1. Could you check residue 364 against (1) out of contact with any strand residue (DSSP E or B) (no Cβ under 9 Å at 6 or more places or on another chain); (2) within 23 Å of residue 124 (Cα to Cα) and say which number it fails?
2. Residue 74 passes all but one of (1) at pLDDT below 90; (2) surrounded by fewer than 23 Cβ atoms within 10 Å (Cβ to Cβ); (3) in a helix (DSSP H, G or I); which number fails?
3. Looking at region 331-355, which of its residues are in contact (Cβ under 8 Å) with a residue 60 or more places away in the chain and over 21 Å from residue 134 (Cβ atoms)?
4. Would you be able to say whether some residue in region 285-296 is free of Cβ contacts under 8 Å to residues at least 60 places away in the same chain, surrounded by fewer than 24 Cβ atoms within 10 Å (Cβ to Cβ) and farther than 30 Å from residue 136 by Cβ?
5. Out of 383, 341, 282, I need the residue that is in a helix (DSSP H, G or I) and within 14 Å of the chain's Cα centre (by Cα). Which one?
6. Are there any pairs, at least 6 apart or on different chains, whose C-beta atoms fall under 9 Å, with the first in region 97-112 and without any contact (Cβ under 8 Å) to a residue 12 or more places away in the chain and on the phi < 0 side of the Ramachandran plot and the second surrounded by fewer than 22 Cβ atoms within 10 Å (Cβ to Cβ) and not in a helix (DSSP H, G or I), and if so, which?
7. Any idea which residue in region 317-332 is nearest to residue 401 (Cα to Cα), counting only those that are assigned to a helix (DSSP H, G or I) and more than 26 Å from the chain's Cα centre (by Cα)?
8. I'd like to know if region 351-362 contains one or more residues that are surrounded by fewer than 19 Cβ atoms within 10 Å (Cβ to Cβ), in contact with a helix residue (DSSP H, G or I) (Cβ under 8 Å, 6 or more places away or on another chain), closer than 21 Å to residue 28 by Cβ and at pLDDT below 95.
């Protein structure tokens with residue numbers, strides 16, 4: 001039976017949701033720019049595919065190392081200031097890349113960029129928990145997580161155009177200026193709901209009454225709480241799943257433009273168009289399935305736990321279609337397989353990133369999100385380098401796709417058998433094991 005929920009007359013929360021999505025698009029342009037510019041830089045400086053793979057992964061070295069500290073700091077000082085400083089610093093790092101030549105200089109700039117962009121995803125997950133009730137969390141999360149996929153399509157077009165105008169440096173100048181513009185937007189627009197002057201009291205009460213996370217800090221010490229989370233099977237189950245998703249995602253994010261030109265023998269413009277198609281499919285897949293459809297089913301009364309788990313696993317199984325990628329060099333069929341795979345991974349990822357704001361204790365969404373993202377981005381470190389090494393050794397991407405498909409199957413099994421029910425972790429323990437509270441109770 002469909003529940004009747006009376007919505008407020010104002011919708012400022014959706015402005016915040018869209019702003020978070022734009023921020024992810026802008027920050028992800030910094031991950032796409034080097035993928036598009038990489039072959040031009042390698043030609044100019046004489047880099048091998050293995051060296052290029054190192055540069056692709058360098059961002060994720062520092063990004064990953066900063067993830068847990070950023071989560072703890074985020075839970076301590078809040079979203080507003082960590083993101084204000086972060087957006088400014090990563091804008092400078094992107095612009096500086098255009099001024100530096102040589103392998104070492106670009107490597108350092110990519111590492112600085114990774115460190116300063118580390119707060120982006122955990123902040124978005126935490127803000128979504130603050131700003132949206134549970135029955136809107138799917139669509140709200142899909143806006144910012146789906147934006148990462150849309151960014152790849154947009155970034156390929158923007159960076160290809162900039163390179164054709166000004167050479168490889170143009171990709172970093174254009175994306176750096178867009179980052180600076182977003183820094184200004186975030187600075188003037190974002191506050192937590194409890195302190196936002198433009199949020200009506202009616203809308204704020206609606207968010208709180210329907211499961212919005214309350215601002216504030218977790219009880220107990222940071223170290224004790226974090227260690228308690230690390231003992232949670234639930235946290236490890238969702239983390240293994242997002243890691244598996246991440247390996248294929250980061251492989252495609254960094255190597256897809258070169259796959260199109262090197263293995264499918266497409267020119268720069270056509271290769272860019274073909275690369276954009278799977279990312280566009282991924283964006284709409286996540287928005288419609290992990291966003292609209294998931295929230296619709298939950299609002300109609302279907303079990304939130306069963307719906308979310310089903311979407312997680314089905315999406316991963318669609319992603320494993322990359323196992324068919326080595327069977328063809330036909331561009332149309334290759335793009336079809338990639339589109340199905342990325343579409344599935346996108347809506348699985350969208351559901352996954354809504355979970356931290358559901359399972360995390362009060363004041364610890366940042367810590368849970370950052371822990372997930374730490375291990376997810378270990379795939380950002382390993383997938384580009386492993387893929388580059390495989391291509392250097394074998395001359396093709398076939399073995400890399402087979403490996404990623406096998407990893408996705410492992411991830412789907414983790415969602416099924418390790419994660420358990422999607423419900424809030426309670427740091428008050430029975431013995432040594434964290435207990436849980438069912439979704440829907442006051443958090």
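1. For residue 364, the exception is condition (1).
2. That leaves (2) as the condition not met.
3. From region 331-355, those in contact (Cβ under 8 Å) with a residue 60 or more places away in the chain are 331, 334-335, 338-339, 341-343, 345-355; that's our starting set.
Those that are in contact (Cβ under 8 Å) with a residue 60 or more places away in the chain and over 21 Å from residue 134 (Cβ atoms): 331, 334, 335, 338, 339, 341, 342, 343, 345, 346.
4. The answer is no, given that none of the residues of region 285-296 is free of Cβ contacts under 8 Å to residues at least 60 places away in the same chain, surrounded by fewer than 24 Cβ atoms within 10 Å (Cβ to Cβ) and farther than 30 Å from residue 136 by Cβ.
5. Working: 383 fails: within 14 Å of the chain's Cα centre (by Cα); 341 fails: within 14 Å of the chain's Cα centre (by Cα).
Checking each option against the conditions leaves just 282.
6. 105/99; 108/100
7. Step one: of region 317-332, the residues assigned to a helix (DSSP H, G or I) are 317-327, 331-332.
Now drop any that are not more than 26 Å from the chain's Cα centre (by Cα), which leaves 326-327, 331-332.
Details: 326: 7, 327: 11, 331: 16, 332: 17 Å.
Ranking the candidates gives 326 first.
8. No.
The values are calculated or read from the model by the stated rules, or taken from the named source; none is laboratory data. Keep in mind that what you see is a predicted model, and the values were worked out from it rather than measured. Every residue, glycine as well, gets a Cβ built from its backbone with ideal geometry; the counts of neighbours run over all protein chains shown.
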